[in-house]
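None of the figures in this text is laboratory data; all of them are computed from the coordinates on show. Keep in mind it's a predicted model, so treat the numbers as computed, not measured. Every residue, glycine as well, gets a Cβ built from its backbone with ideal geometry; the counts of neighbours run over all protein chains shown.
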Amino acid sequence: MHDEVVEALVSIAQNGIPASGAAWITDVGTEVFLRYFDEEILLGLISAGCSTCRFFEAVYGAGKTHLLDLIGRLARNRGFAVVRTDLSQVVSLSDWKLVAKHALENITLAGDLGTIRSLPRILRSFGQLGVLHPDGLRGVRLSHVGFSNAILLAVEDRFRSDEARELVHRYLMGERVGVGQLQRFGVHGVTEPLSERNAEQVLSTISNALVALGLPGVVLMFDENEHSFLTQSEYVSRKVQTSANLIRRLIDACAMGDLRGVLVVFAVLPGFLRRCAHAYQALGQRLERPDRGEDALAWRWPVVDVSDLCGDMSEERFADRAIGRMYDLANTNGFAPSDLRAEMSREARRVLESHASSGFRRPLMKVLAEIALRGVKT
């Protein structure tokens, strides 16, 4: 535990955020929301075979990436498959093939063997353990027949040769493997590799197939690191229109039952909803929300401000709890200097004075981690 704490503190001190999977170590104020999300969304909704699309808005440094890390941990602990995509100019919603390939390569599932990454490795490893049940997929008609057949083959691991297995695994990683290549090694029914045209079908198929194989659900997380819908004029580019239309189709797929047992989470920057409405009116209508004034904690609404997840906790109250948390971590071995908490309080006041907005959390946690590390190392 000591090494894990130090690693988390070092990451926060350097980057303002903990290392992947370590957000729970320094989390402050979201306990009630996470309990609600675990019980009502993951267990009550997704595990029951329903799907939903959720949006969390926050300014830079206000905790949206931190929140995704916490949700991902909850989901993995419940046996969900999880894939997280950082949206930027490199991986954009306008290039759904690239998003789907990223998902095939980076989807994770935790179990007795640790956390396994990539679709073919998950299928083979958990298929051999008996966690995935091929009979659940037989006879289920999914939107991409070729990927459905390849998934069944990989789970059962019934190949005539190592070459056949390797080709199917490459296909399941989104590579362009030809039908002729596969048939030469006795693999039939695996057609139409990932392309721009079928990328949406591929993502839907792998999600629904994993649920049919027996997983309680799949979580697709998207973190907007750059303004995806930023426009300098009234003109809306085709790239933005394509992205907005895709989000609209994801929402509709969850609502209409085309996706089963799937949670789609977007962590987005402020202005996202307004720009969505400007780029694609139909999407804007689906994301409209009531004024926050009457019910600032309407967690059941599909769109939530990250700042609402801690209830009505003030900046000062958040800082006090963060100081307590960081001091306790520094004092794990009982050797933290007695004046460490006072130093944290002084620096916390300075951060709050210079960050008069909800973006204070990242710089606050960064400076507290820097101080805490001195206590840990003492």
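For the chain, modelled as a GNM with alpha-carbon contacts under 10 angstrom, which of Met256, Met326, Met173 fluctuates the most?
Most flexible of the set in this elastic network: Met256.
If exposed means no more than 14 neighbouring beta carbons inside 10 Å and the site is in a DSSP loop, what's the longest run of the chain without any exposed chymotrypsin sites (Phe, Trp or Tyr not before Pro)?
Numbers: sites that count: Tyr60, Tyr235, Phe335.
For chymotrypsin sites (Phe, Trp or Tyr not before Pro) (loop position, at most 14 other Cβ atoms within 10 Å), the longest site-free span of the chain is 61-234.
Hey, which of these cross-link pairs are over 21 Å Cα-Cα: Lys101/Lys239; Lys97/Lys239; Lys64/Lys97?
Working: Lys101/Lys239 19 Å; Lys97/Lys239 14 Å; Lys64/Lys97 25 Å.
From Lys101/Lys239; Lys97/Lys239; Lys64/Lys97, over 21 Å: Lys64/Lys97.
Helix 96-106 versus the longest principal axis of the chain: what is the Cα-based angle in degrees, 0 to 90, to the nearest 10?
Value to nearest ten degrees: 80.
Provide the per-residue ³J(HN,Hα) series for region 252-258, in order, calculated from phi with Karplus coefficients 6.51, -1.76, 1.60 and θ = phi - 60°, each as a whole number of Hz, with x at glycine and proline positions.
For region 252-258, the Karplus curve yields 5, 5, 5, 6, 8, x, 5 Hz.
Relative to the Cα centre, what is the charge dipole magnitude of region 50-157, using +1 at the beta carbon of each Lys and Arg, -1 at the beta carbon of each Asp and Glu, and rounding to the nearest 20 debye?
Dipole of region 50-157, to the nearest 20 debye: 100 debye.
Would you please give the FRET efficiency between Thr52 and Leu113, computed as 1/(1 + (r/R0)^6) with r the Cβ-Cβ distance and R0 = 25 Å, to the nearest 0.05?
My answer for the efficiency is 0.25.
Report D for region 31-308 in µm² per second (integer): Stokes-Einstein, Kirkwood Rh on Cα pairs, 25 °C, 0.890 mPa s.
Reported coefficient: 126 µm²/s.
Taking H placed 1.01 Å from N in the peptide plane, check which residues at least 5 places from Asp86 or on another chain put their amide H under 5 Å from its amide H.
Amide H neighbours of Asp86, under 5 Å, 5+ apart: Asp223.
Test of understanding: ordering His355, His169 by Cβ neighbours within 10 Å, fewest first, what list do you get?
So the residues, fewest neighbours to most, are His355, His169.
If I model a spin label at Tyr36 and Arg197 as a point 7 Å from the Cα along the Cα→Cβ vector, what separation in nanometres do I get?
4.6
Quote the charge dipole size of the chain about the Cα centre in Debye, to the nearest 20; the model charges only the Cβ of Lys and Arg (+1) and of Asp and Glu (-1).
Roughly 880 debye, rounded to the nearest 20.
Rounding to the nearest 10 and keeping the result within 0 to 90°, find how far the Cα-based axis of helix 145-156 lies from the longest principal axis of the chain.
80
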